[in-house]
Amino acid sequence: MKVAFTFAFLFLASAFCLGQDILVKRNGDEIKARVLTITPEEITYRLHGSQPDSLADSRTEMIARAELFMIKYENGTREVFGDEKQNEVKLVSSVPVREEVAVRKSSADLYNKGRFDATSYYRGYKGAATGTLVLSLISPLAGLIPAVACSATPPQEHNLQYPSYDQFRQIDYQNGYRNQARKTKSGRVWRNWGIGLGVNLALALILAN
């Protein structure tokens, strides 16, 4: 009976020793124990007393995870703990990136911008104004025909001579540009008709005298 009890005791002790996990610290020290829990901050394990043949004399210990390099488990697998700094949340791209912010203009601003650009860039009235002037010099009545026709007809798009197609696609800008261009064309045409009428009146007065 005594022999059987001793054999059983030695078998259990040897089985326990073979089933131990090994905690390898970063400084090379090893701890033979049974790992209980693993958290991001610490690891708890059950450590036996100073006497290897004492199963009852065991206690629970704790070690910071940062102190461990590796755990060798009883089944032969290993878990290596890398640099704990890798687990920290990092902020990527701390340098701010400048981006051009497009400022959206109001409809009124775009309309006024279109009118302003038309006064600077539109020159498509010259043909109509010149034709009206020539006919008006010959006969103010004849000059009325192109004057009325040209002033009533808006400028053709190919004669608008707008500075930027991207801007012209914006409807408010386009309306402002077209309206100002039409006013400019009409004004130039009637001004030239007036010049022709004035020249004819002056000639009539000279001839009358």
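The values are calculated or read from the model by the stated rules, or taken from the named source; none is laboratory data. This is a predicted model, so every value here is computed, not measured. Cβ sites come from the backbone with ideal geometry, for glycine too, and all protein chains shown count toward neighbours.
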- Query: Across segment 137-162, what is the total count of residues that are among the hydroxyl-bearing types (S, T, Y) and at pLDDT 90 or above?
  - Reply: 0
- Message: Can you list residue pairs whose Cβ atoms sit under 8 Å apart, with the first residue in segment 136-147 being within 13 Å of V189 (Cα to Cα) and without any contact (Cβ under 8 Å) to a residue 40 or more places away in the chain and the second being in a helix (DSSP H, G or I) and of a type outside the set (S, T, N, Q)? Count only pairs 6 or more apart in sequence or on different chains.
- Response: I145/L135
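Yes/no per residue for (1) touching a Phe, Trp or Tyr at 6+ places or on another chain (Cβ under 6 Å); (2) in a loop (DSSP other than H, G, I, E, B):
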residue: P155; (1), (2): no, yes
residue: D172; (1), (2): yes, no
residue: R178; (1), (2): no, no
residue: K183; (1), (2): no, no
residue: R191; (1), (2): no, no
residue: V199; (1), (2): no, no
residue: L207; (1), (2): no, no
- Conditions (1) touching a Leu at 6+ places or on another chain (Cβ under 9 Å); (2) surrounded by 13 or more Cβ atoms within 10 Å (Cβ to Cβ) -> K183 fails only (1)
- Task: Would you mention how many residues in segment 19-61 are surrounded by 13 or more Cβ atoms within 10 Å (Cβ to Cβ) and either at pLDDT 85 or above or not in a loop (DSSP other than H, G, I, E, B) (or both)?
- Result: 21
- Query: Taking segment 103-141, which residues are in a helix (DSSP H, G or I), surrounded by 14 or more Cβ atoms within 10 Å (Cβ to Cβ) and among the small types (G, A, S)?
  - Reply: G114, A118, A128, A129, G131, S136
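Residues are listed down the side, and each one gets a yes or a no for (1) among the hydrophobic types (A, V, I, L, M, F, W, C); (2) over 26 Å from R115 (Cα atoms); (3) without any contact (Cβ under 8 Å) to a residue 24 or more places away in the chain:
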site: L160; (1), (2), (3): yes, no, no
site: P163; (1), (2), (3): no, no, no
site: G176; (1), (2), (3): no, no, no
site: Q180; (1), (2), (3): no, no, no
site: T184; (1), (2), (3): no, no, no
site: G187; (1), (2), (3): no, no, yes
site: V199; (1), (2), (3): yes, yes, no
site: A204; (1), (2), (3): yes, yes, yes
site: L207; (1), (2), (3): yes, yes, yes
